[in-house]
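Heads up: the structure comes next, in structure tokens.
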């Protein structure tokens, strides 16, 4: 019988949940409603958990508080796609409760699940039942009731998982699109896999091997702050950074706000973010001692760093490669291919993030790209509905003013970039960009990766399928014919232009032949074929 979970067990549980998800991510991916090869939900949730485990593995303390903070921070930094962002929010709320207890009981664990569900629901603008949100909410509600009469984690978690399986099986009845596709919700399955990993660890199954591939980490806020100091004469000579941990019992959220006000009066370049678990501070001042004294009123100092910026500037002035904000506005776009990236560059987009349907960038990736843009205000074109939430979350990881234009496709992003006015205000540009994407119809042509029945089509592995941003509109055996069928269902009498972005599997002569054929079929339309170079999708189609 296991009645409490200490820091050591909690650390192992986090790794176990991520490990089991790694083993099952392809299965979770296969539950996507549309049978396109897009490595979606399972992959995004795993990459989110992978980042969390990275952060936990670097945590030198073995307390539940320290591990909870690391878990939540890592998940936030690595969140990819809608499913990854929602997962990070679940564990943000979850960890805000587990951090309160040196040893976690079933009641504590149940409250943590409940808070995780609450935070996740608040993070989604329009929560939809039949998704991961429903699964975690119902599991949490059952956990709270179960914990009232059960203090044994083995029995408690087994019951919670059984309820999770039951509600997951009901998701097709809540979302007709799941029922039509013959699948349960992928995100719901993913969160169950993670909690199953927790359960297996508690049951004594500790053979969870978990190794990470070496990969370049995105630039952090600390890196940016160290790299882009002002090269001119500076008013404040000391850069002070620290984190506040182990808050005093009397410390409140209002005290954090007061600290921020004090720091603003003390100097400039003030960052004061966080909550009662951890506060991150950065300030330029001439009295670093006061910045420390203010902080000690709230809690303990951690990772303290004070630098003499005047000395630092003398060194930096010798170098010519320091980035300065040289303009008011900049732009970032997510692009899946070299050709599309070139188009965006030609339109004045500052930074391209390689990604898309098959590889969703994380909030940290987007924030790192924003930090490279020499502008205070940065417009972000996610170009995929599954990246919008991560783009919104990126604003928490950078000092830049992030403005997310919710582009759901490459054509929408291009239309938004074309409407950019470097002399306009943030509000004027945002309005113009959002208006521009309303007039764009986007489509894509790819292939089915499994047998299924969706949107009235009987699909088999290898079938060519044409989709708009809502449904499958065409299927066939040949790419060109399926593309024609898709476009026929997208055009209207008002259509004036048509652009075909052909992928890496399409030859230029094939694309030009199709474009000529469409020009003959639609003589009032200007038809253009452009090398996109994107993987997976034979064509991305824009109709305006």
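Taking the conditions exactly as written (touching a helix residue (DSSP H, G or I) at 6+ places or on another chain (Cβ under 7 Å), crowded, with 24+ Cβ neighbours inside 10 Å, closer than 17 Å to residue 190 by Cβ and at pLDDT 95 or above), does residue 116 satisfy them or not?
Spelling it out, residue 116 is indeed touching a helix residue (DSSP H, G or I) at 6+ places or on another chain (Cβ under 7 Å), crowded, with 24+ Cβ neighbours inside 10 Å, closer than 17 Å to residue 190 by Cβ and at pLDDT 95 or above.
Looking at the structure I just gave you, is residue 154 in a helix (DSSP H, G or I) and over 28 Å from the mean Cα position of the chain (by Cα)?
yes
Just to be sure before I move on: is residue 124 touching a helix residue (DSSP H, G or I) at 6+ places or on another chain (Cβ under 6 Å) and either touching a residue at least 12 places away in the same chain (Cβ under 8 Å) or surrounded by fewer than 21 Cβ atoms within 10 Å (Cβ to Cβ) (or both) in the structure I sent?
Answer is no for this residue.
Given the structure, is residue 74 buried (at least 24 other Cβ atoms within 10 Å of the Cβ) and free of Cβ contacts under 8 Å to residues at least 40 places away in the same chain?
Yes.
So is residue 172 surrounded by fewer than 16 Cβ atoms within 10 Å (Cβ to Cβ) and touching a helix residue (DSSP H, G or I) at 6+ places or on another chain (Cβ under 7 Å) or not?
Judged against the criteria, residue 172 is not a match.
Can you confirm whether residue 472 is surrounded by 13 or more Cβ atoms within 10 Å (Cβ to Cβ) and touching a helix residue (DSSP H, G or I) at 6+ places or on another chain (Cβ under 8 Å)?
For residue 472, the condition - surrounded by 13 or more Cβ atoms within 10 Å (Cβ to Cβ) and touching a helix residue (DSSP H, G or I) at 6+ places or on another chain (Cβ under 8 Å) - is not met.
When you check residue 275 against the structure, is it in contact (Cβ under 8 Å) with a residue 60 or more places away in the chain and surrounded by fewer than 20 Cβ atoms within 10 Å (Cβ to Cβ), yes or no?
Judged against the criteria, residue 275 is a match.
What are the residues in the stretch 76-119 that are touching a strand residue (DSSP E or B) at 6+ places or on another chain (Cβ under 8 Å) and in a helix (DSSP H, G or I), if any?
Across the stretch 76-119, the qualifying residues are 77, 78, 84, 98, 109, 112.
Checking residue 428 against (1) outside any loop (DSSP other than H, G, I, E, B); (2) in the same structural domain as residue 504 (by TED's automatic domain parsing), which single condition isn't satisfied?
Here residue 428 meets the rest and fails (2).
Quick one: which of 209, 205, 215, 235 is more than 30 Å from the chain's Cα centre (by Cα), farther than 18 Å from residue 306 by Cα and at pLDDT below 90?
Testing whether each residue is more than 30 Å from the chain's Cα centre (by Cα), farther than 18 Å from residue 306 by Cα and at pLDDT below 90 leaves just 205.
Restricting the search to the stretch 404-425, which residues are part of a loop (DSSP other than H, G, I, E, B) and either touching a helix residue (DSSP H, G or I) at 6+ places or on another chain (Cβ under 8 Å) or over 27 Å from residue 376 (Cβ atoms) (or both)?
Selection gives 405, 406, 407, 408, 409, 419, 420, 421, 424.
Which number in (1) surrounded by 15 or more Cβ atoms within 10 Å (Cβ to Cβ); (2) in a helix (DSSP H, G or I); (3) modelled with pLDDT of 55 or more marks the one condition that residue 162 misses?
Only one criterion is unmet by residue 162, namely (1).
In the stretch 442-461, what residues are part of a strand (DSSP E or B) and within 26 Å of residue 511 (Cβ to Cβ)?
442, 443, 444, 445, 446, 447, 457, 459
Pull up the stretch 120-136, narrow it to residues that are on the phi < 0 side of the Ramachandran plot and assigned to a loop (DSSP other than H, G, I, E, B), then point me to the one that is nearest to the chain's Cα centre (by Cα).
It comes out as 124.
Looking at (1) at pLDDT 85 or above; (2) buried (at least 16 other Cβ atoms within 10 Å of the Cβ); (3) in a helix (DSSP H, G or I); (4) touching a strand residue (DSSP E or B) at 6+ places or on another chain (Cβ under 9 Å), which is the only condition residue 255 fails?
(4)
Can you say whether residue 439 is without any contact (Cβ under 8 Å) to a residue 12 or more places away in the chain and either surrounded by fewer than 23 Cβ atoms within 10 Å (Cβ to Cβ) or over 21 Å from the mean Cα position of the chain (by Cα) (or both), as far as the supplied structure shows?
It is false that residue 439 is without any contact (Cβ under 8 Å) to a residue 12 or more places away in the chain and either surrounded by fewer than 23 Cβ atoms within 10 Å (Cβ to Cβ) or over 21 Å from the mean Cα position of the chain (by Cα) (or both).
When you go through 154, 129, 103 one by one, which is the residue that is modelled with pLDDT of 95 or more and either surrounded by fewer than 22 Cβ atoms within 10 Å (Cβ to Cβ) or not assigned by TED's automatic domain parsing to the domain that holds residue 43 (or both)?
103
Kindly state which helices (runs of 4 or more DSSP H) lie completely within the stretch 292-399 and contain at least 2 residues that are modelled with pLDDT of 90 or more and within 13 Å of the chain's Cα centre (by Cα).
Correct list: 363-372, 388-393.
Restricting attention to the stretch 470-493, does a residue exist that is within 21 Å of residue 355 (Cβ to Cβ), outside the structural domain of residue 354 (by TED's automatic domain parsing) and assigned to a loop (DSSP other than H, G, I, E, B)?
The answer is no, given that none of the residues of the stretch 470-493 is within 21 Å of residue 355 (Cβ to Cβ), outside the structural domain of residue 354 (by TED's automatic domain parsing) and assigned to a loop (DSSP other than H, G, I, E, B).
Output yes when any residue across the stretch 354-368 is free of Cβ contacts under 8 Å to residues at least 60 places away in the same chain and either within 22 Å of residue 446 (Cβ to Cβ) or surrounded by fewer than 23 Cβ atoms within 10 Å (Cβ to Cβ) (or both), and no when none is.
yes
The values are calculated or read from the model by the stated rules, or taken from the named source; none is laboratory data. Note that this is a predicted model, so its numbers are computed, not measured. So basically every Cβ, Gly included, is an ideal-geometry build from the backbone, and we count neighbours across all protein chains shown.
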